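What follows is one structure encoded as structure tokens, with my remarks underneath.
The values are calculated or read from the model by the stated rules, or taken from the named source; none is laboratory data. Source: prediction; values computed, not measured. Quick note on the areas: whole protein, heavy atoms, side chains included, nothing else; ligands and nucleic acids left out. Shrake-Rupley method; radii C 1.70, N 1.55, O 1.52, S 1.80 Å.
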Amino acid sequence: GLILPNGDINWNCPCLGGMDSGPCGEQFKSAFSYCVDQFRAMQECMQKYPDLYPQEDENEEKEKSSKDLEAIPMEASAAKE
């Protein structure tokens, strides 16, 4: 999850969508760190209502990513290289 058991932010969480890396990664980390308490409160609230806010587990996310990659035609993949 996003918050580690010790309360730190899990910067490796796929839920961040890679926003923590790249040319603006440090700025993102700084900005996100300021609102982590509010985000944690929101996450805890959402967990109380799983019917309204379903959470994908990591295995489902990995399977979805794999299927998305498989759906890319070979020509499009080769064109990017």
Mean accessible surface per residue for the stretch 1-56, computed with a 1.4 Å probe while every protein chain stays in place, in Å²: 76 Å²
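How much of the accessible area of the stretch 1-56, probe 1.4 Å, is carbon plus sulfur, in whole percent?
56 percent
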